[in-house]
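Below: the structure, in structure tokens.
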Amino acid sequence: PVHTPLPISLTIDTDALRVLTGLTYQGRLDGDMTGTITGYTVEVSADGIAYTLVATGQWARDSSIKSAGFSAVTARFLRLTATSAVNGYASAAEVAISDIP
């Protein structure tokens, strides 16, 4: 298969303004580490046009659930960008947003 080269982003629209505080990421669950995100940025936006960087970092090359927390911010959109990953492309079994109801 053909894979889109890094960096690559996943943008989530929560359908309404929310107070966001982070996200969790779960890579593949089949035992293959290929595509596991190891470097990332997280950006948020109220309108889907102007984004603000709220987190950046590195995750371990393993199958554990990863998290990226940041100071509470009101936004509708969250963008996770994979800046590095095992074998040069990204995959995810699940990405979940943490918010304050």
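What follows is calculated from the coordinates using simple rules that are stated; it is not laboratory data. Treat the numbers as computed from the prediction; the structure is a model and nothing was measured. Every residue, glycine as well, gets a Cβ built from its backbone with ideal geometry; the counts of neighbours run over all protein chains shown.
In nanometres, what is the gap between the two model label sites at ALA93 and SER63, each 7 Å from Cα along Cα-to-Cβ?
Label-label distance for ALA93 and SER63, simple model: 0.7 nm.
With each label point set 7 Å from Cα along the Cα-Cβ vector, what nm distance links ILE12 and ASP32?
Once both label points are built, they end up 2.5 nm from each other.
Can you give me the distance in nm between label points at THR24 and THR4, each placed 7 Å from the Cα along the Cα-to-Cβ direction?
The two pseudo-label positions are separated by 2.5 nm.
Using 0.36 nm times the number of residues separating THR52 and PHE70, minus their current alpha carbon distance, what extension gain do you get?
5.3 nm
Hey, if you drop one equal point scatterer on each alpha-carbon of the range 52-96 and run the Debye formula without solvent, what base-10 log of I(q)/I(0) do you get at q = 0.13 Å⁻¹?
Cα-only, vacuum Debye calculation for the range 52-96: -0.35.
When only Cα pairs under 8 Å and 6 or more residues apart are kept, what is the percent relative contact order across the chain?
Relative contact order comes out at 46 percent.
Volume per residue, Å³, of the convex hull around the alpha-carbon atoms of the range 8-100?
Per-residue hull volume (Cα only) is 81 Å³.
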